[in-house]
Amino acid sequence: MINLFRRKLPIKSCFVNPFQYVSHESKGVIFPASDPLKPYEEPQFRVLATKPYSTSKFPEYEMPTVTWGVVHGRKEKLVSRVIICDYLKSIGIIPDELEEVELPSTVDVMRERVEFLQKIGLTIDDINEYPLMLGCSVRKNIIPVLGYLEKVGIQRSKMGEFVKKYPQVLHASVVVELVPVVRFLRGLDVEKQDIGYVLMKYPDLLGFKLEGTMSTSVAYLVSIGVNPRDIGPMVTQYPYFLGMRVGTMIKPLVEYLVSLGLPKKVLARMFEKRAYLIGYDLEEMVKPNVDCLVSFGVRKEVLASIIAQYPQMLGLPLKAKLSTQQYIFNLKLKIDPEGFARVIERMPQVISLGQNVIMKPVDFLLGRGISVEDVAKMIVKCPQLLALQVGLMKNSFYFFKSEMGRPLKELVEFPEYFTYGLESRIKPRYQRLQHKGIRCSLSWFLNCSDQRFEERLYADYIETEIQGPSFVMGGKLDLPGNQMVSDDEDESDDEILYRRTVSL
(Lines give C-alpha, C1' and ligand atoms only; values in the text may rest on other atoms or scores of the structure.)
Protein backbone atom coordinates (compact mmCIF):
# COMPACT_ATOMS: atom_id res chain seq x y z
CA MET A 1 0.00 0.00 0.00
CA ILE A 2 1.35 3.34 -0.97
CA ASN A 3 1.94 5.71 1.90
CA LEU A 4 -0.05 8.80 1.06
CA PHE A 5 1.48 10.88 3.84
CA ARG A 6 4.60 12.43 2.49
CA ARG A 7 7.29 13.59 4.83
CA LYS A 8 8.07 17.27 4.42
CA LEU A 9 11.54 17.60 2.96
CA PRO A 10 14.05 20.02 4.49
CA ILE A 11 15.03 22.66 1.98
CA LYS A 12 18.80 22.62 1.79
CA SER A 13 19.16 24.66 -1.33
CA CYS A 14 16.91 26.59 -3.64
CA PHE A 15 18.38 28.25 -6.72
CA VAL A 16 16.23 30.92 -8.24
CA ASN A 17 17.88 31.38 -11.61
CA PRO A 18 19.16 29.75 -13.77
CA PHE A 19 19.13 26.52 -11.79
CA GLN A 20 15.49 25.84 -11.17
CA TYR A 21 13.62 22.76 -10.18
CA VAL A 22 10.03 21.86 -10.61
CA SER A 23 8.19 22.12 -7.33
CA HIS A 24 4.69 21.35 -6.31
CA GLU A 25 3.31 23.37 -3.46
CA SER A 26 0.27 22.06 -1.61
CA LYS A 27 -0.40 22.92 1.98
CA GLY A 28 3.27 23.59 2.60
CA VAL A 29 4.51 20.24 1.21
CA ILE A 30 7.24 20.53 -1.39
CA PHE A 31 8.02 17.65 -3.74
CA PRO A 32 11.21 17.35 -5.77
CA ALA A 33 11.25 17.02 -9.53
CA SER A 34 11.94 13.33 -9.30
CA ASP A 35 9.32 10.62 -9.15
CA PRO A 36 6.62 11.74 -6.63
CA LEU A 37 6.41 8.20 -5.33
CA LYS A 38 9.98 8.39 -4.09
CA PRO A 39 9.69 10.96 -1.31
CA TYR A 40 12.92 10.24 0.44
CA GLU A 41 15.26 10.52 -2.52
CA GLU A 42 17.47 13.60 -2.85
CA PRO A 43 15.91 16.19 -5.13
CA GLN A 44 17.05 16.00 -8.73
CA PHE A 45 17.61 19.46 -10.14
CA ARG A 46 16.94 20.24 -13.74
CA VAL A 47 19.06 22.85 -15.49
CA LEU A 48 16.71 25.10 -17.44
CA ALA A 49 17.98 27.14 -20.35
CA THR A 50 17.63 30.85 -19.68
CA LYS A 51 18.25 33.86 -21.88
CA PRO A 52 20.00 37.02 -20.72
CA TYR A 53 17.49 39.71 -19.82
CA SER A 54 17.21 42.35 -22.46
CA THR A 55 14.67 44.62 -23.98
CA SER A 56 14.47 46.35 -27.30
CA LYS A 57 15.19 49.65 -25.60
CA PHE A 58 18.07 48.67 -23.36
CA PRO A 59 19.74 45.60 -24.90
CA GLU A 60 23.02 46.11 -23.10
CA TYR A 61 21.53 45.91 -19.62
CA GLU A 62 21.49 42.15 -19.25
CA MET A 63 20.05 40.33 -16.28
CA PRO A 64 22.60 38.28 -14.36
CA THR A 65 22.59 34.50 -14.51
CA VAL A 66 22.19 34.40 -10.72
CA THR A 67 20.15 36.98 -8.86
CA TRP A 68 20.34 36.11 -5.21
CA GLY A 69 21.73 32.68 -4.51
CA VAL A 70 21.07 29.99 -1.99
CA VAL A 71 18.83 30.16 1.05
CA HIS A 72 20.91 29.26 4.12
CA GLY A 73 20.41 28.96 7.81
CA ARG A 74 21.95 31.38 10.27
CA LYS A 75 25.26 29.61 10.50
CA GLU A 76 25.58 29.26 6.75
CA LYS A 77 24.77 32.99 6.33
CA LEU A 78 27.59 33.99 8.65
CA VAL A 79 30.02 31.76 6.78
CA SER A 80 28.83 33.16 3.42
CA ARG A 81 29.20 36.75 4.67
CA VAL A 82 32.80 36.07 5.73
CA ILE A 83 33.58 34.54 2.35
CA ILE A 84 31.98 37.47 0.48
CA CYS A 85 33.82 40.04 2.61
CA ASP A 86 37.10 38.26 1.92
CA TYR A 87 36.33 38.40 -1.78
CA LEU A 88 35.56 42.13 -1.63
CA LYS A 89 38.80 42.79 0.25
CA SER A 90 40.73 40.81 -2.35
CA ILE A 91 39.59 43.17 -5.11
CA GLY A 92 40.17 46.34 -3.05
CA ILE A 93 36.69 47.04 -1.68
CA ILE A 94 36.42 47.86 2.03
CA PRO A 95 33.30 46.08 3.35
CA ASP A 96 33.13 47.79 6.76
CA GLU A 97 29.96 49.74 5.92
CA LEU A 98 28.18 46.57 4.79
CA GLU A 99 27.79 45.10 8.26
CA GLU A 100 24.10 46.00 8.48
CA VAL A 101 23.38 45.35 4.81
CA GLU A 102 21.85 42.10 3.62
CA LEU A 103 24.26 40.50 1.17
CA PRO A 104 23.75 37.68 -1.32
CA SER A 105 24.67 34.24 -0.14
CA THR A 106 27.24 33.41 -2.79
CA VAL A 107 30.35 35.04 -4.12
CA ASP A 108 29.11 34.55 -7.68
CA VAL A 109 26.22 36.93 -7.14
CA MET A 110 28.44 39.56 -5.54
CA ARG A 111 30.98 39.20 -8.32
CA GLU A 112 28.30 39.84 -10.91
CA ARG A 113 27.19 42.99 -9.04
CA VAL A 114 30.72 44.33 -8.99
CA GLU A 115 31.27 43.50 -12.65
CA PHE A 116 27.96 45.10 -13.63
CA LEU A 117 28.84 48.33 -11.83
CA GLN A 118 32.25 48.32 -13.50
CA LYS A 119 30.57 47.76 -16.84
CA ILE A 120 28.60 51.01 -16.57
CA GLY A 121 31.78 52.94 -15.77
CA LEU A 122 32.35 52.79 -12.01
CA THR A 123 35.77 51.99 -10.57
CA ILE A 124 36.69 50.20 -7.34
CA ASP A 125 37.43 53.63 -5.82
CA ASP A 126 33.95 54.81 -6.80
CA ILE A 127 32.39 51.77 -5.13
CA ASN A 128 34.46 52.43 -2.00
CA GLU A 129 32.99 55.93 -1.87
CA TYR A 130 29.54 54.38 -1.47
CA PRO A 131 29.85 50.64 -0.85
CA LEU A 132 26.16 50.40 0.07
CA MET A 133 25.43 50.15 -3.66
CA LEU A 134 26.60 46.53 -3.40
CA GLY A 135 23.43 45.81 -1.44
CA CYS A 136 21.32 46.60 -4.52
CA SER A 137 19.98 43.72 -6.57
CA VAL A 138 20.93 43.99 -10.22
CA ARG A 139 17.55 42.62 -11.32
CA LYS A 140 15.30 44.39 -8.83
CA ASN A 141 17.11 47.73 -8.36
CA ILE A 142 19.91 48.63 -10.71
CA ILE A 143 18.57 47.63 -14.13
CA PRO A 144 15.09 49.20 -13.70
CA VAL A 145 16.63 52.45 -12.44
CA LEU A 146 19.26 52.70 -15.20
CA GLY A 147 16.70 51.81 -17.84
CA TYR A 148 14.39 54.61 -16.70
CA LEU A 149 17.22 57.14 -16.47
CA GLU A 150 18.22 56.37 -20.04
CA LYS A 151 14.61 56.71 -21.10
CA VAL A 152 14.39 60.27 -19.71
CA GLY A 153 17.60 61.38 -21.40
CA ILE A 154 20.69 60.31 -19.46
CA GLN A 155 23.18 59.08 -22.04
CA ARG A 156 24.43 55.54 -21.52
CA SER A 157 28.02 56.72 -21.85
CA LYS A 158 27.47 59.03 -18.88
CA MET A 159 25.54 56.59 -16.71
CA GLY A 160 28.58 55.76 -14.61
CA GLU A 161 29.26 59.44 -14.00
CA PHE A 162 25.64 59.95 -12.97
CA VAL A 163 25.71 57.05 -10.50
CA LYS A 164 29.03 58.30 -9.15
CA LYS A 165 27.46 61.71 -8.43
CA TYR A 166 24.34 60.27 -6.83
CA PRO A 167 24.74 56.55 -6.02
CA GLN A 168 21.67 56.61 -3.76
CA VAL A 169 19.57 56.54 -6.93
CA LEU A 170 20.22 52.79 -7.16
CA HIS A 171 18.05 52.28 -4.07
CA ALA A 172 15.15 54.30 -5.52
CA SER A 173 11.82 53.00 -6.72
CA VAL A 174 11.17 54.04 -10.30
CA VAL A 175 7.40 54.36 -9.86
CA VAL A 176 7.30 55.82 -6.35
CA GLU A 177 10.32 58.16 -6.38
CA LEU A 178 11.76 58.81 -9.85
CA VAL A 179 8.67 59.20 -12.02
CA PRO A 180 7.02 61.85 -9.75
CA VAL A 181 10.15 64.02 -9.81
CA VAL A 182 10.35 63.91 -13.61
CA ARG A 183 6.65 64.78 -13.85
CA PHE A 184 7.22 67.68 -11.45
CA LEU A 185 10.00 69.05 -13.65
CA ARG A 186 7.82 68.76 -16.73
CA GLY A 187 5.10 70.61 -14.83
CA LEU A 188 7.56 73.50 -14.33
CA ASP A 189 7.89 73.77 -18.14
CA VAL A 190 11.26 72.07 -18.33
CA GLU A 191 11.46 70.82 -21.90
CA LYS A 192 11.34 67.05 -22.31
CA GLN A 193 14.68 66.99 -24.10
CA ASP A 194 16.25 68.96 -21.22
CA ILE A 195 15.23 66.56 -18.43
CA GLY A 196 18.36 64.46 -18.83
CA TYR A 197 20.57 67.55 -18.84
CA VAL A 198 18.94 68.89 -15.67
CA LEU A 199 19.25 65.58 -13.83
CA MET A 200 22.82 65.12 -14.98
CA LYS A 201 23.66 68.58 -13.68
CA TYR A 202 21.93 68.09 -10.33
CA PRO A 203 21.05 64.41 -9.76
CA ASP A 204 20.17 65.06 -6.11
CA LEU A 205 16.80 66.31 -7.37
CA LEU A 206 15.72 62.69 -7.55
CA GLY A 207 15.94 62.47 -3.77
CA PHE A 208 13.83 65.53 -2.95
CA LYS A 209 10.22 65.45 -1.83
CA LEU A 210 7.88 67.30 -4.14
CA GLU A 211 5.93 68.97 -1.35
CA GLY A 212 9.11 70.16 0.37
CA THR A 213 11.96 72.42 -0.72
CA MET A 214 11.28 72.29 -4.46
CA SER A 215 7.71 73.52 -4.24
CA THR A 216 8.41 76.26 -1.69
CA SER A 217 11.38 77.70 -3.59
CA VAL A 218 9.34 77.93 -6.79
CA ALA A 219 6.37 79.48 -4.97
CA TYR A 220 8.56 82.15 -3.36
CA LEU A 221 10.22 83.16 -6.62
CA VAL A 222 6.83 83.51 -8.28
CA SER A 223 5.66 85.63 -5.33
CA ILE A 224 8.41 88.23 -5.91
CA GLY A 225 7.50 88.58 -9.58
CA VAL A 226 9.25 85.80 -11.48
CA ASN A 227 7.12 84.77 -14.45
CA PRO A 228 5.89 81.17 -13.92
CA ARG A 229 6.65 80.43 -17.56
CA ASP A 230 10.31 81.31 -16.94
CA ILE A 231 10.72 78.81 -14.09
CA GLY A 232 11.41 75.99 -16.56
CA PRO A 233 14.30 77.78 -18.32
CA MET A 234 15.63 78.82 -14.90
CA VAL A 235 15.65 75.19 -13.75
CA THR A 236 17.44 74.17 -16.93
CA GLN A 237 20.08 76.83 -16.39
CA TYR A 238 20.51 76.46 -12.62
CA PRO A 239 18.53 73.56 -11.10
CA TYR A 240 20.28 73.94 -7.74
CA PHE A 241 17.82 76.57 -6.51
CA LEU A 242 15.18 73.83 -6.26
CA GLY A 243 17.19 72.42 -3.37
CA MET A 244 17.70 75.73 -1.57
CA ARG A 245 15.65 76.59 1.50
CA VAL A 246 13.63 79.77 1.17
CA GLY A 247 13.92 80.92 4.79
CA THR A 248 17.67 80.52 5.14
CA MET A 249 19.01 81.15 1.63
CA ILE A 250 16.74 82.70 -1.00
CA LYS A 251 14.65 85.11 1.06
CA PRO A 252 17.58 86.70 3.00
CA LEU A 253 19.39 87.36 -0.29
CA VAL A 254 16.31 88.99 -1.83
CA GLU A 255 15.65 91.13 1.24
CA TYR A 256 19.26 92.33 1.37
CA LEU A 257 19.29 93.36 -2.30
CA VAL A 258 15.94 95.12 -1.85
CA SER A 259 17.45 97.03 1.10
CA LEU A 260 20.13 98.35 -1.28
CA GLY A 261 17.42 99.88 -3.46
CA LEU A 262 16.68 97.17 -6.02
CA PRO A 263 12.92 96.70 -6.55
CA LYS A 264 11.68 93.12 -6.41
CA LYS A 265 10.47 93.34 -9.97
CA VAL A 266 13.99 94.14 -11.14
CA LEU A 267 15.34 91.25 -9.07
CA ALA A 268 12.79 88.95 -10.68
CA ARG A 269 13.96 89.93 -14.17
CA MET A 270 17.58 89.40 -13.11
CA PHE A 271 16.80 85.93 -11.74
CA GLU A 272 14.90 84.99 -14.89
CA LYS A 273 17.92 85.77 -17.07
CA ARG A 274 20.64 84.61 -14.68
CA ALA A 275 19.20 82.07 -12.28
CA TYR A 276 22.65 81.30 -10.84
CA LEU A 277 22.49 84.63 -8.98
CA ILE A 278 20.17 82.90 -6.52
CA GLY A 279 23.04 80.66 -5.51
CA TYR A 280 25.36 83.46 -4.39
CA ASP A 281 26.12 83.11 -0.70
CA LEU A 282 24.89 86.18 1.14
CA GLU A 283 27.38 86.22 4.02
CA GLU A 284 30.40 84.83 2.19
CA MET A 285 30.09 86.61 -1.16
CA VAL A 286 27.39 89.24 -1.58
CA LYS A 287 27.81 91.36 1.56
CA PRO A 288 31.65 91.37 1.45
CA ASN A 289 31.57 92.42 -2.21
CA VAL A 290 29.11 95.24 -1.58
CA ASP A 291 31.29 96.47 1.30
CA CYS A 292 34.29 96.23 -1.01
CA LEU A 293 32.64 98.50 -3.59
CA VAL A 294 31.97 101.11 -0.91
CA SER A 295 35.57 100.88 0.33
CA PHE A 296 36.82 101.67 -3.20
CA GLY A 297 34.80 104.89 -3.30
CA VAL A 298 31.53 103.78 -4.90
CA ARG A 299 28.65 105.81 -3.48
CA LYS A 300 25.96 103.89 -1.61
CA GLU A 301 23.16 105.60 -3.49
CA VAL A 302 24.31 104.11 -6.80
CA LEU A 303 24.91 100.56 -5.57
CA ALA A 304 21.52 99.42 -6.84
CA SER A 305 22.26 100.77 -10.31
CA ILE A 306 25.64 99.05 -10.41
CA ILE A 307 24.24 95.70 -9.30
CA ALA A 308 21.41 95.96 -11.82
CA GLN A 309 23.87 96.59 -14.64
CA TYR A 310 26.37 93.88 -13.69
CA PRO A 311 24.92 91.47 -11.10
CA GLN A 312 27.58 88.84 -11.81
CA MET A 313 30.14 90.90 -9.94
CA LEU A 314 28.51 89.87 -6.65
CA GLY A 315 30.01 86.43 -7.17
CA LEU A 316 33.50 87.54 -8.19
CA PRO A 317 36.63 87.87 -6.04
CA LEU A 318 35.95 91.58 -6.14
CA LYS A 319 38.65 92.90 -3.83
CA ALA A 320 41.44 91.35 -5.89
CA LYS A 321 39.94 92.47 -9.20
CA LEU A 322 39.30 96.04 -8.05
CA SER A 323 42.80 96.34 -6.63
CA THR A 324 44.31 95.19 -9.93
CA GLN A 325 42.15 97.45 -12.07
CA GLN A 326 42.71 100.48 -9.86
CA TYR A 327 46.47 100.01 -10.15
CA ILE A 328 46.26 99.72 -13.97
CA PHE A 329 44.03 102.79 -14.28
CA ASN A 330 46.38 104.82 -12.10
CA LEU A 331 49.59 103.63 -13.78
CA LYS A 332 48.55 103.47 -17.44
CA LEU A 333 45.66 105.95 -17.71
CA LYS A 334 46.59 108.43 -14.97
CA ILE A 335 43.14 108.10 -13.39
CA ASP A 336 43.11 108.64 -9.63
CA PRO A 337 41.10 106.45 -7.18
CA GLU A 338 38.18 108.88 -7.17
CA GLY A 339 38.00 108.85 -10.96
CA PHE A 340 38.24 105.06 -10.91
CA ALA A 341 35.22 104.92 -8.58
CA ARG A 342 33.23 107.06 -11.03
CA VAL A 343 34.22 104.69 -13.85
CA ILE A 344 32.91 101.73 -11.85
CA GLU A 345 29.65 103.56 -11.17
CA ARG A 346 29.08 104.24 -14.85
CA MET A 347 30.29 100.89 -16.21
CA PRO A 348 30.87 98.18 -13.60
CA GLN A 349 31.80 95.68 -16.32
CA VAL A 350 35.21 97.38 -16.36
CA ILE A 351 36.03 95.16 -13.38
CA SER A 352 36.37 92.16 -15.68
CA LEU A 353 38.15 93.77 -18.64
CA GLY A 354 41.71 92.64 -19.33
CA GLN A 355 44.56 95.11 -19.63
CA ASN A 356 45.10 94.36 -23.32
CA VAL A 357 41.43 95.12 -24.02
CA ILE A 358 41.57 98.37 -22.07
CA MET A 359 44.73 99.65 -23.72
CA LYS A 360 43.65 99.18 -27.36
CA PRO A 361 41.14 102.10 -27.47
CA VAL A 362 43.38 104.14 -25.17
CA ASP A 363 46.35 103.76 -27.54
CA PHE A 364 44.09 104.66 -30.45
CA LEU A 365 43.02 107.93 -28.81
CA LEU A 366 46.56 108.79 -27.80
CA GLY A 367 47.70 108.13 -31.36
CA ARG A 368 45.22 110.68 -32.67
CA GLY A 369 46.85 113.51 -30.81
CA ILE A 370 44.66 113.55 -27.70
CA SER A 371 46.67 114.16 -24.52
CA VAL A 372 46.86 111.61 -21.66
CA GLU A 373 44.94 113.99 -19.39
CA ASP A 374 42.13 114.43 -21.92
CA VAL A 375 41.95 110.66 -22.56
CA ALA A 376 41.58 110.16 -18.79
CA LYS A 377 38.73 112.68 -18.72
CA MET A 378 37.03 110.97 -21.65
CA ILE A 379 37.22 107.54 -19.96
CA VAL A 380 35.91 108.81 -16.64
CA LYS A 381 33.00 110.45 -18.43
CA CYS A 382 32.32 107.55 -20.83
CA PRO A 383 34.04 104.32 -19.73
CA GLN A 384 32.19 102.47 -22.51
CA LEU A 385 35.06 103.60 -24.73
CA LEU A 386 37.18 100.85 -23.20
CA ALA A 387 34.90 98.15 -24.61
CA LEU A 388 34.68 99.49 -28.19
CA GLN A 389 36.28 97.90 -31.24
CA VAL A 390 39.14 99.99 -32.51
CA GLY A 391 38.07 99.42 -36.13
CA LEU A 392 34.71 101.09 -35.51
CA MET A 393 36.38 103.93 -33.64
CA LYS A 394 38.67 104.55 -36.63
CA ASN A 395 35.73 104.87 -39.02
CA SER A 396 33.88 107.26 -36.72
CA PHE A 397 37.01 109.35 -36.14
CA TYR A 398 37.72 109.56 -39.87
CA PHE A 399 34.18 110.85 -40.54
CA PHE A 400 34.52 113.31 -37.65
CA LYS A 401 37.72 114.81 -39.07
CA SER A 402 37.14 114.60 -42.84
CA GLU A 403 33.40 115.20 -43.19
CA MET A 404 32.49 117.15 -40.08
CA GLY A 405 35.80 119.01 -39.73
CA ARG A 406 35.37 119.62 -36.03
CA PRO A 407 38.11 120.20 -33.43
CA LEU A 408 39.28 117.41 -31.09
CA LYS A 409 37.99 119.44 -28.16
CA GLU A 410 34.44 118.42 -29.06
CA LEU A 411 35.37 114.73 -28.81
CA VAL A 412 36.92 115.35 -25.40
CA GLU A 413 33.73 117.09 -24.27
CA PHE A 414 31.46 114.42 -25.77
CA PRO A 415 33.33 111.07 -25.90
CA GLU A 416 29.98 109.28 -26.23
CA TYR A 417 30.26 110.13 -29.95
CA PHE A 418 32.18 106.88 -30.47
CA THR A 419 29.37 104.77 -28.95
CA TYR A 420 26.86 105.69 -31.67
CA GLY A 421 26.60 103.79 -34.96
CA LEU A 422 28.21 105.64 -37.83
CA GLU A 423 25.86 104.41 -40.55
CA SER A 424 22.72 104.14 -38.43
CA ARG A 425 22.82 107.45 -36.55
CA ILE A 426 25.83 109.77 -37.05
CA LYS A 427 25.83 110.03 -40.86
CA PRO A 428 22.09 110.32 -41.53
CA ARG A 429 21.51 112.84 -38.77
CA TYR A 430 24.54 114.96 -39.71
CA GLN A 431 23.47 115.03 -43.36
CA ARG A 432 20.00 116.25 -42.38
CA LEU A 433 21.58 118.97 -40.22
CA GLN A 434 23.70 120.05 -43.18
CA HIS A 435 20.62 120.17 -45.40
CA LYS A 436 18.83 122.36 -42.87
CA GLY A 437 21.91 124.49 -42.25
CA ILE A 438 21.92 123.86 -38.51
CA ARG A 439 25.14 124.16 -36.53
CA CYS A 440 25.02 122.40 -33.15
CA SER A 441 27.05 120.35 -30.71
CA LEU A 442 27.57 116.60 -31.01
CA SER A 443 25.45 115.96 -27.96
CA TRP A 444 22.54 118.00 -29.26
CA PHE A 445 21.90 115.88 -32.36
CA LEU A 446 23.13 112.48 -31.17
CA ASN A 447 21.99 112.14 -27.55
CA CYS A 448 18.25 111.91 -28.21
CA SER A 449 15.66 109.58 -29.62
CA ASP A 450 14.61 109.64 -33.26
CA GLN A 451 11.32 111.30 -32.33
CA ARG A 452 13.06 113.96 -30.28
CA PHE A 453 15.55 114.59 -33.09
CA GLU A 454 12.68 115.22 -35.51
CA GLU A 455 11.12 117.67 -33.04
CA ARG A 456 14.43 119.49 -32.64
CA LEU A 457 15.04 119.55 -36.37
CA TYR A 458 11.79 121.38 -37.10
CA ALA A 459 11.73 123.59 -34.02
CA ASP A 460 12.03 127.35 -34.32
CA TYR A 461 14.91 127.47 -31.86
CA ILE A 462 17.73 125.30 -30.51
CA GLU A 463 16.86 124.32 -26.96
CA THR A 464 19.33 124.15 -24.12
CA GLU A 465 21.08 120.80 -23.78
CA ILE A 466 20.03 118.63 -20.85
CA GLN A 467 21.74 115.95 -18.83
CA GLY A 468 21.39 112.27 -19.56
CA PRO A 469 19.34 109.88 -17.44
CA SER A 470 20.25 109.33 -13.80
CA PHE A 471 19.34 106.62 -11.31
CA VAL A 472 17.65 107.45 -8.01
CA MET A 473 18.10 104.83 -5.28
CA GLY A 474 15.07 102.69 -4.61
CA GLY A 475 12.77 104.53 -6.96
CA LYS A 476 11.97 105.56 -10.50
CA LEU A 477 14.36 106.70 -13.18
CA ASP A 478 14.65 110.46 -13.08
CA LEU A 479 15.06 111.81 -16.58
CA PRO A 480 15.61 115.59 -16.66
CA GLY A 481 13.42 117.23 -19.26
CA ASN A 482 11.16 114.20 -19.23
CA GLN A 483 8.24 116.22 -20.53
CA MET A 484 9.99 116.63 -23.86
CA VAL A 485 10.79 112.93 -24.28
CA SER A 486 8.32 110.42 -25.65
CA ASP A 487 6.04 109.24 -22.83
CA ASP A 488 6.39 105.79 -21.26
CA GLU A 489 2.86 105.74 -19.94
CA ASP A 490 2.43 102.01 -20.45
CA GLU A 491 5.48 101.14 -18.33
CA SER A 492 5.66 101.10 -14.57
CA ASP A 493 8.45 102.84 -12.68
CA ASP A 494 10.22 99.55 -12.04
CA GLU A 495 10.04 98.59 -15.71
CA ILE A 496 11.57 101.91 -16.72
CA LEU A 497 14.32 101.39 -14.17
CA TYR A 498 14.97 97.90 -15.42
CA ARG A 499 14.99 98.93 -19.10
CA ARG A 500 17.43 101.77 -18.45
CA THR A 501 19.82 100.15 -16.02
CA VAL A 502 19.85 96.38 -16.43
CA SER A 503 22.01 95.11 -19.25
CA LEU A 504 21.25 91.40 -19.40
Margin query: I'd like to check one number: the per residue accessible area of the range 254-328, probe 1.4 Å, reported in Å² as a whole number.
Written below: 41 Å²
Next item on the list: Measure off 7 Å from each Cα along the Cα-to-Cβ vector at residue 76 and residue 201, then give the distance between these two points in nanometres to one decimal.
Entry: 5.2 nm
Item checked: Cα-based radius of gyration of the range 144-254 once divided by 2.2 N^0.38 Å, which approximates compact folds -> 1.06
Item checked: Distance between modelled label sites at residue 215 and residue 115, nm, 7 Å Cα→Cβ extension -> 4.6 nm
Notebook entry, point to check: How big, on average over all directions, is the shadow cast by the Cα convex hull of the range 66-197, in nm²?
Noted result: 8.4 nm²
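Beta carbons within 10 angstrom, averaged per residue: use that to sort the peptides 160-169, 324-333, highest first.
Top of the packing list down: 160-169, 324-333.
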Note to self: Give me Rg/Rg_expected for the range 297-383, where Rg uses Cα atoms only and Rg_expected = 2.2 N^0.38 Å with N residues.
What the structure shows: 1.07
Notebook entry, point to check: Volume per residue, Å³, of the convex hull around the alpha-carbon atoms of the range 383-461?
Noted result: 97 Å³
Check: Expressed as a whole percentage, what fraction of the accessible surface of the range 352-438 belongs to carbon and sulfur atoms when a 1.4 Å probe is rolled over the protein heavy atoms?
Finding: 51 percent
Check: So between residue 409 and residue 439, what do we pick up on full extension, going 0.36 nm a residue minus the alpha carbon distance?
Finding: 9.2 nm
Next item on the list: Only residues of the range 228-271 count here: report those whose backbone N is under 17 Å from the spot 7 Å along Cα→Cβ of residue 301, or say none.
Entry: 260-262
Item checked: Probe 1.4 Å, protein heavy atoms only - accessible area per residue of the range 341-470 in square angstrom -> 51 Å²
Next item on the list: With r as the distance between the Cβ atoms of residue 139 and residue 177 and R0 = 22 Å, compute the FRET efficiency 1/(1 + (r/R0)^6) and round to 0.05.
Entry: 0.75
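How much length is gained if the chain between residue 276 and residue 129 is pulled fully straight, taking 0.36 nm per residue apart and subtracting their Cα-Cα distance, in nm to one decimal?
Difference between extended and current length: 50.0 nm.
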Item checked: Calculated FRET efficiency for the pair residue 86/residue 349, C-beta based, R₀ 51 Å, to 0.05 -> 0.25
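Pop the C-beta distance of residue 240 and residue 390 into the FRET formula with R0 = 51 Å and round what comes out to the nearest 0.05.
0.80
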Notebook entry, point to check: Using a ≥ b ≥ c from the Cα gyration tensor of the range 203-299 (square roots of the eigenvalues), is it rounded, prolate or oblate, where a/c under 1.5 gives rounded and otherwise the larger of a/b and b/c decides, a/b for prolate?
Noted result: prolate
Check: To one decimal place, what Kirkwood hydrodynamic radius in Å is obtained for the range 126-196 from all pairs of distinct Cα atoms?
Finding: 12.8 Å
Next item on the list: Mind giving me the nanometre distance, one decimal, between the label points for residue 193 and residue 256, set 7 Å out from Cα along Cα→Cβ?
Entry: 3.9 nm
Checklist line | Ordering of 385-393, 400-408, 273-281 by packing [mean C-beta count within 10 Å, highest first] | finding: 273-281, 385-393, 400-408
Note to self: I'd like the carbon and sulfur percentage of the solvent accessible area for the range 208-347, probe radius 1.4 Å, heavy atoms only, ligands and nucleic acids excluded.
What the structure shows: 54 percent
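The values are calculated or read from the model by the stated rules, or taken from the named source; none is laboratory data. The model shown is predicted, which means the values in this text are computed figures rather than measured ones. When we count neighbours, we look across all protein chains shown, and the Cβ atoms used for this are built from the backbone with ideal geometry, even at glycine. Note: areas computed on protein heavy atoms with side chains; ligands, DNA, RNA excluded. Shrake-Rupley method; radii C 1.70, N 1.55, O 1.52, S 1.80 Å.
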